[in-house]
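I have placed the structure first, in the form of C-alpha cells, so that the comments after it can refer back to it.
The values are calculated or read from the model by the stated rules, or taken from the named source; none is laboratory data. The shown structure was predicted, so the numbers you read here are calculated from the model rather than taken from an experiment. Don't worry about glycine lacking a Cβ; one is built from the backbone with ideal geometry, like all the others, and counts go over all protein chains shown. All accessible areas refer to the heavy atoms of the entire protein, side chains included, with ligands and DNA or RNA removed. Shrake-Rupley method; radii C 1.70, N 1.55, O 1.52, S 1.80 Å.
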Amino acid sequence: MTLNSVDAAFEALLAAHLPDGVLRAPAARYLEEPRGRWHGQAGLVAAPRAVEEVSTIVSLAAQARVAVVPYGGGTGLVAGQVMPEGPAPLLLSLERMRSIRAVYPEENVLICEAGCILADVQQAAAEVDRLFPLSLAAEGTATLGGNLATNAGGTGVLRYGNTRDLCLGLEAVLPDGRIWHGLKRLRKDNTGYDLRHLLIGSEGTLGVITAASLKLSSRPAHMGTAIFVVRSPRAALALLALARSHLGEMVSAFELMAGQGLAFLQQTVPEVRQPFAEVPAWSVLIEVGLTRGLDPQEVLAGLFEEAAEQGLVVDGVIAQSAAQAADFWSVREHIPEANRRIGSVSSHDMSVPLGVLPEFIARADDLIAGMGDFRVNCFGHVGDGNLHYNVFPAAGHGVAEHAARRGEVQRALHDLVDEMGGSVSAEHGIGRLKVEDLERYGDPTKLAAMRAIKSVLDPHSIMNPGAVLRG
C-alpha cells in the first residue's frame, strides 16, 4: 500500500482542524532509541491533549494515506517508536495526555491517560494506599500507553503478571479515527471478542491507546528483600521452588544475577554499593510481600537456613532497612546501564520454560564459547523464565571488532531458544528489530491471522508501518 509523506498541504489540513500548540517540528529526541542503533524520521509531530484530537489526527492521516507512528516515552528497545525509512510519517506523541482521570480505591481501580509516566501512576496508587505493581528500570520515563502497547513485563511479573494482566479496559482510537470507548472497570465482561487484549501488545499497529482502566492491588503489610549467593542457575531454580512452597504468591520478585554483570557494575558504576566483598558467580535478589503477622527478616532467614541445608545457597544478606533494600535493588537495576557502558556485541530478551532454564544457560554458554573469545552476562527475571542473555567482546577488545558477527551470534542463540520451546521476545516486543525473527520462528497460522487482522482494521497500513509485521 503506497503511503504519502507529510507535506505542507497535510500540515495545513491538520492545523485547520486542531487547536494551536498541537503541531510541532520533530525534535531529535523523537527520532532516537535508547541503544542508538536505529534513527527515525518524521515530517511532523502532533501532541494532542484529548482523545477527540487523537481521533481527528488519525482520521485525517487515514484520508491522506500518511503513516502514523505512536510515541510514548521513547524507552522501547526494539525500535517500535522510530521509523527509519519510507515516506516521512506523522509522529503522534501522547506526552500531553497525562491525567489521572479517576481512582476507585474500594474497587482497586485507577483510570489514567496513556501519556502518564509509569512512576506517576505508581505514586497515584500509593496515595490511596494501593499498589500498581508494574515496575521496570525505565519507570521514570516510560509511559503507560507504551507499557500497554508493548505488554511490558518487569520485575513484578512473577506475582502480578504482565501489563495486560493489570488492565481492565481501554479507550483507543482505531486506524480510521473511530474512538473505542472501552474504559470499563469490570473483572467479568464476557461479551464477545476482547479488543483490549488485541490492542495490548500490538505496538501501535492496530490503533492508538489513549487511556486505560488499571487493576490495583492491596499493599503488602511487610516487605522483605535479600540477596542470596547460589551455587548455580539450577540451584537458583530449586531455591525459587522452595520459596514458593513456603510463601506461595507472596514471592514478589526473584532476579538472577551472574558474576559477570556484577563485575561490569564494579568497573563502570562503582558508586553502586554491592553487598559482597568478592563478586559471586551467581546470586539471586529475592523480594517478598507478606501479610500481617509475618516478619520478613525471620521468613527470609528461615528460607536461607533451609536452602543452605539443601546445598542451594552459600552466602546471603537480608536487608535490615528500606534503605538497604533500595541498595539491593539498585544493584539489579544498574546492570543494564553497566552493560550499555561496556558495549554488547548482541543483546537478547528471551524466555524459556522454567524447567529447562539451567540447561539453556549451559548450552548457550558452550555455544558462545565455541564462537570465539566473548564474555557473557546472563541476568533477568528468572521467576518467570525471562533471561537477558547478552554477549560482550573479551576484555581489552571493542564492540566494533565484532559488529559484523552480531547477526551470527543472535541467530545461533535464537535458534537454541526456539529449539527449547522458548520465545525470542519475552518482554520487549517485536518492533522493527525482530520482524525477521517473528517471520522465522513464528507459527505460520498465527502470522496469517495477524496479517488478516491488520488488513481489516488498518487496510491502508498507516499505523506504525514496518513494526511487528513487515510493511
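When the range 270-293 is filtered for residues that are of a type in the set (A, V, I, L, M), part of a strand (DSSP E or B) and in contact with a Lys or Arg (Cβ under 9 Å, 6 or more places away or on another chain), only Leu285 remains. If the condition is being in contact with an Asp or Glu (Cβ under 9 Å, 6 or more places away or on another chain) and part of a strand (DSSP E or B), then the range 94-110 contributes Ile100, Arg101, Val103. For the range 331-375, a tally of residues being open to solvent by less than 30 Å² (accessible area, probe 1.4 Å) and closer than 30 Å to Glu298 by Cβ returns 5.
Name the residues in the range 255-269 that are open to solvent by 20 Å² or more (accessible area, probe 1.4 Å) and of a type in the set (Gly, Ala, Ser), would you?
Step one: filter the range 255-269 for residues open to solvent by 20 Å² or more (accessible area, probe 1.4 Å), giving 260, 263, 266-268.
The answer is Ala263, and nothing else.
Take the residues in the range 239-254 that are open to solvent by 40 Å² or more (accessible area, probe 1.4 Å) and not polar (S, T, N, Q); name whichever of them is nearest to Leu290 (Cα to Cα). Residue satisfying both the conditions and the ranking: Glu249. Among the conditions (1) over 24 Å from Leu290 (Cβ atoms); (2) surrounded by fewer than 24 Cβ atoms within 10 Å (Cβ to Cβ); (3) in contact with a Pro (Cβ under 9 Å, 6 or more places away or on another chain); (4) of a type outside the set (Phe, Trp, Tyr), Met223 misses just one, which is (1).
If the condition is being open to solvent by less than 30 Å² (accessible area, probe 1.4 Å) and in a strand (DSSP E or B), then the range 28-69 contributes Leu44, Val45, Ala46, Val66, Val68, Val69.
Checked against (1) in contact with a Pro (Cβ under 7 Å, 6 or more places away or on another chain); (2) open to solvent by 20 Å² or more (accessible area, probe 1.4 Å), Ser99 passes all but condition (1). Exactly one residue out of Gly207, Gly146, Gly161, Gly154 is touching a residue at least 60 places away in the same chain (Cβ under 8 Å), over 25 Å from Leu91 (Cα atoms) and not aromatic (Phe, Trp, Tyr): that is Gly154.
Right, Asp7: open to solvent by 70 Å² or more (accessible area, probe 1.4 Å) and either in contact with a Cys (Cβ under 9 Å, 6 or more places away or on another chain) or more than 24 Å from Gly466 (Cα to Cα) (or both) or not? Taking the combined requirement at face value, the residue does not satisfy it. All of (1) over 23 Å from Leu31 (Cα atoms); (2) among the polar types (S, T, N, Q); (3) not in a helix (DSSP H, G or I) hold for Gln81 with one exception: (1).
Do the conditions hold for Gly302, that is, is it outside any helix (DSSP H, G or I) and either over 16 Å from Val417 (Cβ atoms) or hydroxyl-bearing (Ser, Thr, Tyr) (or both)? Working first, answer last.
Numbers: outside any helix (DSSP H, G or I): no; either over 16 Å from Val417 (Cβ atoms) or hydroxyl-bearing (Ser, Thr, Tyr) (or both): yes.
Taking the combined requirement at face value, the residue does not satisfy it.
Only one residue in Val272, Val288, Val284, Val279 is more than 21 Å from the chain's Cα centre (by Cα), of a type in the set (Val, Ile, Thr) and buried (at least 23 other Cβ atoms within 10 Å of the Cβ). Which one? Quick ask: steps written out before the conclusion?
On the way: Val272 fails: buried (at least 23 other Cβ atoms within 10 Å of the Cβ); Val284 fails: more than 21 Å from the chain's Cα centre (by Cα); Val279 fails: buried (at least 23 other Cβ atoms within 10 Å of the Cβ).
It is Val288.
Of all the residues that make up the range 72-102, how many are over 20 Å from Asn4 (Cβ atoms) and in contact (Cβ under 8 Å) with a residue 40 or more places away in the chain?
Filtering the range 72-102 for residues over 20 Å from Asn4 (Cβ atoms) gives 72-81, 93-102.
Now drop any that are not in contact (Cβ under 8 Å) with a residue 40 or more places away in the chain, which leaves 72-81, 93-97, 101.
Residues that pass the stated criteria total 16.
From the list Val58, Val45, Val54, the lone residue that is closer than 25 Å to Asp458 by Cβ and either in contact with a helix residue (DSSP H, G or I) (Cβ under 9 Å, 6 or more places away or on another chain) or free of Cβ contacts under 8 Å to residues at least 40 places away in the same chain (or both) is Val45.
Yes or no: the range 125-143 includes at least one residue that is among the hydrophobic types (A, V, I, L, M, F, W, C) and closer than 20 Å to Arg49 by Cβ.
Of all residues in the range 125-143, those among the hydrophobic types (A, V, I, L, M, F, W, C) come to 125-126, 128, 131-132, 134, 136-138, 142.
Of the ones still in play, those that are also closer than 20 Å to Arg49 by Cβ are none.
No.
Scan the range 356-377 and report the pairs whose first residue is touching a residue at least 12 places away in the same chain (Cβ under 8 Å) and whose second residue is in a helix (DSSP H, G or I) and among the aromatic types (Phe, Trp, Tyr), with Cβ atoms within less than 7 Å and a gap of 6+ or a chain change. From the range 356-377, the pairs are Asn377/Phe264.
Yes/no matrix, rows are residues, columns are (1) farther than 22 Å from Val69 by Cα; (2) among the hydrophobic types (A, V, I, L, M, F, W, C); (3) at pLDDT below 95; (4) buried (at least 23 other Cβ atoms within 10 Å of the Cβ):
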{"position": "Thr163", "(1), (2), (3), (4)": "no, no, no, yes"}
{"position": "Asp176", "(1), (2), (3), (4)": "no, no, no, no"}
{"position": "Leu183", "(1), (2), (3), (4)": "yes, yes, no, no"}
{"position": "Leu195", "(1), (2), (3), (4)": "no, yes, no, no"}
{"position": "Leu198", "(1), (2), (3), (4)": "no, yes, no, no"}
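Kindly provide the set of residues from the range 316-347 that are closer than 20 Å to Glu401 by Cα and either assigned to a loop (DSSP other than H, G, I, E, B) or in contact with a Gly (Cβ under 6 Å, 6 or more places away or on another chain) (or both), ordered by number. If the condition is that a residue be closer than 20 Å to Glu401 by Cα and either assigned to a loop (DSSP other than H, G, I, E, B) or in contact with a Gly (Cβ under 6 Å, 6 or more places away or on another chain) (or both), then Gly343, Ser344, Val345, Ser347 are the ones that fit. Applying the set (1) open to solvent by 10 Å² or more (accessible area, probe 1.4 Å); (2) within 26 Å of Asn151 (Cα to Cα); (3) not in a loop (DSSP other than H, G, I, E, B) to Leu91 leaves exactly one unmet item: (1).
So is Phe304 of a type in the set (Phe, Trp, Tyr) and open to solvent by less than 30 Å² (accessible area, probe 1.4 Å) or not? So Phe304 fails the test. In the set Leu110, Leu131, Leu136, only one residue is out of contact with any strand residue (DSSP E or B) (no Cβ under 6 Å at 6 or more places or on another chain), touching a residue at least 12 places away in the same chain (Cβ under 8 Å) and either open to solvent by 20 Å² or more (accessible area, probe 1.4 Å) or within 28 Å of Leu77 (Cβ to Cβ) (or both); that residue is Leu136.
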